[in-house]
Amino acid sequence: MTRLETQIHQALESLVVPDTDLVESVLAELPLHRSPVRHRRPVLATAVAVLAIAIGIVAAVAPAREAIADWLGIGATELQSVNEVDLPDRSSVEDLGDPVASTTLRETQPEDTRASVSPIPSLGEPSGVFDDSSRGRSYTWSASANLPAIGSSDVGAVLSVRPADRVLSAKVIANDVEFGPVELASLSGDTIAFWINGQHVLVQTGSSRRVSANQVLLWVADGVEIRLETSLELPEVVRLAQEIVEGTELLAPG
Amino acid sequence: MSTASDNELIRWSQAGDHDAFGALVRKHQRAALRIATVTLGSATDAPDVTQEAFVKAYGAIGRFRNNERFEPWLFRIVANTAKNHRRSSQRRGALVTRAAAVATVPESEPGDLAIRHQESERLVAALNTLSYQDRLILTYRWYSELTETEIAQALSCRRGTVKSRLSRAMSRLRIAMEEQ
């Protein structure tokens, strides 16, 4: 160690740090919490089986389709399961809205978070930010070795956020595409997200805009719908999503 | 229980053993209190924040990966909890050394020890001018002795950015010390 590094160590060692024994007070709060034991069965496999039965029973009935969306709880997005789907040529990555200047983005962050304006810290700062009246605010990250491109675009990840108080779009999913609930464990409690494991169609409500979308993880936190589209497999997507769940205060819905 | 490894205590905690989690708290509370103090910039609220962080850690321990070290994971929870507390609290204190807190210098204190105290106070005064992010990364590197990978985990950043962040924090510390 250099002299300064040694001095830093000694200074930090000399700090007044409370000598409080927290064991009793921590243990006193634990019985109020759920057991921390991890579910050993994959949540997705079980949920998909249940969902398939539910959709089989009620697929044809419009009010029941709304009931499925409510049951699944996916915010501003309705789910429609169909036998087959025609994927549009236009990709969701090309339909994000108007670009937002990075200085504007930086100015919207609280002062002590301006050092990092990324909603997903491990991906670094977004390469683009967009606003759209229907899709909300979207952040994009360029494709890289660790972040494979979505389709034929040069984008590796798209994070979109918008208010979850009304239905703004629908996802049309073919029957052979796996989808269902996934548990996101966060420091503030568990959140149920929805994983669509394949290409599907995204339709904006009340418009003719239809685009194809890739693997998507979708959930609601604090009244905001969060949509994360990538070409990654579920475990990696969940890791990214859990960064956002723990830091949603950084998001500014469009 | 007192001789059990962290991995054993974590496994038992994951199975719902509160005593095992209590042993984890006992082992790591001092280090966690220091991280809370450094992040908050003051010792005052560190016990409450650290207690809250341990309770959160218990809730999340089901997803702890047993091939990792416990402290970087715990420190991340503590720092995030302290960061949120900073946002909601109007109170701002300062980091203080034990010598300054006592407010007397023993007359018989050997010269080099007195010099070391003065250096520490000067350095802590400089630390008080830095952002909590800078204080944290300096603590992780030069006190907690985390590896680069562990620092990245504790800060939720990419490993590649740890060096540059640390370098910038050191520069800012040097400048702050020169201005003392």
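The values are calculated or read from the model by the stated rules, or taken from the named source; none is laboratory data. Everything quoted here is computed from the prediction, not taken from an experiment. For neighbour counting, all protein chains shown are included, and Cβ atoms are generated from backbone atoms with ideal geometry for every residue, glycine included.
Numbers at a glance
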| read-out | value |
| --- | --- |
| Selected residue (only one of A:I226, A:I173 is at pLDDT 75 or above, assigned to a strand (DSSP E or B), closer than 21 Å to A:V155 by Cα and of a type in the set (V, I, T)) | A:I226 |
| Filtered residue count, region B:115-155, keeping only those that are more than 8 Å from chain A (Cβ to nearest Cβ) and among the hydroxyl-bearing types (S, T, Y) | 5 |
| Candidate set from region B:133-164 (those that are in contact with a Pro (Cβ under 7 Å, 6 or more places away or on another chain) and not in a helix (DSSP H, G or I)); member that is modelled with the highest pLDDT | B:L146 |
| Conditions (1) over 17 Å from B:A154 (Cα atoms); (2) among the hydrophobic types (A, V, I, L, M, F, W, C); (3) in contact (Cβ under 8 Å) with a residue 40 or more places away in the chain; number of the one not met by B:W12 | (3) |
| Matching residues, region B:21-50, being within 9 Å of another protein chain (Cβ to nearest Cβ) and among the β-branched types (V, I, T) | B:V25, B:T37, B:V38, B:T44, B:T50 |
| Hits in region A:85-124 - residues which are surrounded by fewer than 18 Cβ atoms within 10 Å (Cβ to Cβ), modelled with pLDDT of 80 or more and facing another protein chain (nearest Cβ under 9 Å) | A:S122, A:G124 |
| Check on B:S167, assigned to a helix (DSSP H, G or I) and either in contact with a Cys (Cβ under 9 Å, 6 or more places away or on another chain) or at pLDDT 90 or above (or both) | yes |
| Sole residue being at the interface with chain A (Cβ under 7 Å from one of its Cβ atoms) and more than 25 Å from B:A125 (Cα to Cα), chosen from B:I77, B:I10 | B:I77 |
| Those residues of region B:66-84 which are acidic (D, E) and in a helix (DSSP H, G or I), in sequence order | B:E71 |
